[in-house]
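The values are calculated or read from the model by the stated rules, or taken from the named source; none is laboratory data. Being a predicted model, the structure only gives us computed values, none of them experimental. Every residue, glycine as well, gets a Cβ built from its backbone with ideal geometry; the counts of neighbours run over all protein chains shown. Side chains are part of the model used for accessible areas, which takes the heavy atoms of the whole protein and leaves out ligands, DNA and RNA. Shrake-Rupley method; radii C 1.70, N 1.55, O 1.52, S 1.80 Å.
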Amino acid sequence: MVDLFMDKILVKNNKDRDELDTEREIVLRLQNRILMLFFGSGDCERCQDFAPTLKDFYKQLTDEFYVERAAQLVLIYVSLDDSEDQQDKFLKELPKRCLFLNYEDPYRKELGLMFEVEEVPTVVVVRPDCSVLLANAVTEITELGPDCYRNWQEASEIIDRNFELHEEFDENKSRSLTDPLRRMKYKVKDEKKKKKKKNKKKKGFLGGGGGDEEEEDEGEVAEDEEDNKAEKSH
């Protein structure tokens, strides 16, 4: 999968639009991961309807609120938009941890031809060895949700099997009617601890943030930690 983007520039869907423009950054971000290439357009009604489903699907597999460790999964938006403004507007509907190609990059159209994309939305699922696992996973994602990732993982033979849902999302693990409430209580405590740590780090600096920016910053920290771990393992 790394070979697909080795000489390309991928951009993070965050407020700063950070670029992955070196071989080292591309390798750390893509190596040994399943790749989801989302071909879509902001003026496509079906794409607009599918975007919330895709966003929720990706968050449940990569956000630490839902999983102990993020799934080895990367989402890249391949824009088929008619303008850069349209692309930027649609990116706001997609996960902040996803990546995309610059609008002026002709590789967007090359990828469409390479994977024989004939309609949108299309989500091409690619194994780490660059072979196609699914030509279009839109229906599977919509009908099965995050559960289909287990099938992808087994079929891709990823080295480190790290998918693990939190207990509160596994109905079979509930021992009593009070279990969900008890787990939620500890969840709230954990969130408070995280906020305290974050506030301590902010002391001595001007300004502040909230809402989506706060969620984005936490995501960036988690993503950086994951990449650092990947680097140490090599």
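Regarding segment 114-134, can at least one residue be identified that is in contact (Cβ under 8 Å) with a residue 60 or more places away in the chain and open to solvent by 80 Å² or more (accessible area, probe 1.4 Å)? Even if it seems obvious, please write down each step before you answer.
Taking segment 114-134 and keeping what is in contact (Cβ under 8 Å) with a residue 60 or more places away in the chain, we get 115, 117, 120-130, 133.
Those left that are additionally open to solvent by 80 Å² or more (accessible area, probe 1.4 Å): 129.
Looking for residues that are in contact (Cβ under 8 Å) with a residue 60 or more places away in the chain and open to solvent by 80 Å² or more (accessible area, probe 1.4 Å), one finds at least one in segment 114-134, hence yes.
Which one of L75, L80, L61, L54 is among the aliphatic types (A, V, I, L, M), touching a Phe, Trp or Tyr at 6+ places or on another chain (Cβ under 9 Å) and farther than 24 Å from W152 by Cα? Lay out the reasoning, then the answer.
Numbers: L75 fails: farther than 24 Å from W152 by Cα; L61 fails: farther than 24 Å from W152 by Cα; L54 fails: farther than 24 Å from W152 by Cα.
Just a single option satisfies the conditions, and that option is L80.
How about segment 67-96: which of its residues are free of Cβ contacts under 8 Å to residues at least 24 places away in the same chain and either aliphatic (A, V, I, L, M) or not in a loop (DSSP other than H, G, I, E, B) (or both)? Lay out the reasoning, then the answer.
Just the residues of segment 67-96 that are free of Cβ contacts under 8 Å to residues at least 24 places away in the same chain, to begin with: 83-85, 88, 92.
Of everything in segment 67-96, those that are free of Cβ contacts under 8 Å to residues at least 24 places away in the same chain and either aliphatic (A, V, I, L, M) or not in a loop (DSSP other than H, G, I, E, B) (or both) turn out to be E84, D85, D88.
Pairs, please: C-beta under 7 Å, at least 6 apart or cross-chain, first residue within 11 Å of T53 (Cα to Cα) and in segment 137-160, second at pLDDT 95 or above and aromatic (F, W, Y)?
V138/F50; I141/F57; G145/F57; P146/F57
Among the residues in segment 72-80, are any touching a Gly at 6+ places or on another chain (Cβ under 9 Å), among the polar types (S, T, N, Q), closer than 19 Å to E143 by Cα and modelled with pLDDT of 95 or more? Before you say what the answer is, go through the steps one by one.
Of all residues in segment 72-80, those touching a Gly at 6+ places or on another chain (Cβ under 9 Å) come to 77-80.
Checking which are among the polar types (S, T, N, Q) leaves us with 79.
Subset that is closer than 19 Å to E143 by Cα: none.
There is no residue in segment 72-80 that is touching a Gly at 6+ places or on another chain (Cβ under 9 Å), among the polar types (S, T, N, Q), closer than 19 Å to E143 by Cα and modelled with pLDDT of 95 or more.
Restricting attention to segment 77-97, report how many residues are of a type in the set (S, T, N, Q) and buried (at least 20 other Cβ atoms within 10 Å of the Cβ). Lay out the reasoning, then the answer.
Narrowing segment 77-97 to residues of a type in the set (S, T, N, Q): 79, 83, 86-87.
Then keep just the ones that are buried (at least 20 other Cβ atoms within 10 Å of the Cβ); that gives 79, 87.
Here the count works out to 2.
Output the residues belonging to segment 10-33 that are open to solvent by 30 Å² or more (accessible area, probe 1.4 Å), out of contact with any helix residue (DSSP H, G or I) (no Cβ under 9 Å at 6 or more places or on another chain) and not acidic (D, E).
R17, T22
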